[in-house]
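Structure record follows, encoded as structure tokens.
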């Protein structure tokens with residue numbers, strides 16, 4: 001729900017920036033036109049970033065649902081800190097299992113998704129998102145591939 005609120009606020013902000021860009025361009029003054037054109041870039045980049053993040057979120061939720069229905073989600077039994085984050089040493093020890101799974105099946109979206117969850121548990125958000133994006137790419141490629149007959 002918070003993501004929707006933030007997305008709505010960003011859309012309002014981008015609309016206001018776009019409106020101000022048009023007003024600056026409408027002045028006809030070289031400085032105003034320059035500022036207006038520069039401001040037009042912000043809503044375009046912002047809308048693109050919002051689209052990518054929402055698509056990422058919806059797709060990962062979909063993949064979580066598929067793995068959950070198949071019983072393929074990792075069991076979350078790592079010892080945790082009071083904040084809810086797993087202890088890094090335990091998460092790192094479990095990480096090898098998921099890395100080996102990807103090495104054994106490098107084209108499996110399921111293996112890449114579990115690796116992304118393992119990266120996240122280890123506290124490496126950058127690699128977690130990269131692995132999840134790879135998982136999404138493989139999932140979408142599988143969905144587009146014609147069914148074997």
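Okay, here's what the table says:
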read-out: Extreme residue, modelled with the highest pLDDT, among residues of the range 57-110 that are in a loop (DSSP other than H, G, I, E, B) and touching a strand residue (DSSP E or B) at 6+ places or on another chain (Cβ under 9 Å); value: 79
read-out: First in the range 45-70 and surrounded by 11 or more Cβ atoms within 10 Å (Cβ to Cβ), second anywhere and part of a helix (DSSP H, G or I) and at pLDDT 90 or above, Cβ under 6 Å, 6 or more apart; value: 59/136; 60/132; 63/113
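The values are calculated or read from the model by the stated rules, or taken from the named source; none is laboratory data. Predicted model only: the values in this text are computed from it and were never measured. Reconstructed Cβ throughout: ideal geometry from the backbone, glycine too, with neighbour counts over all protein chains shown.
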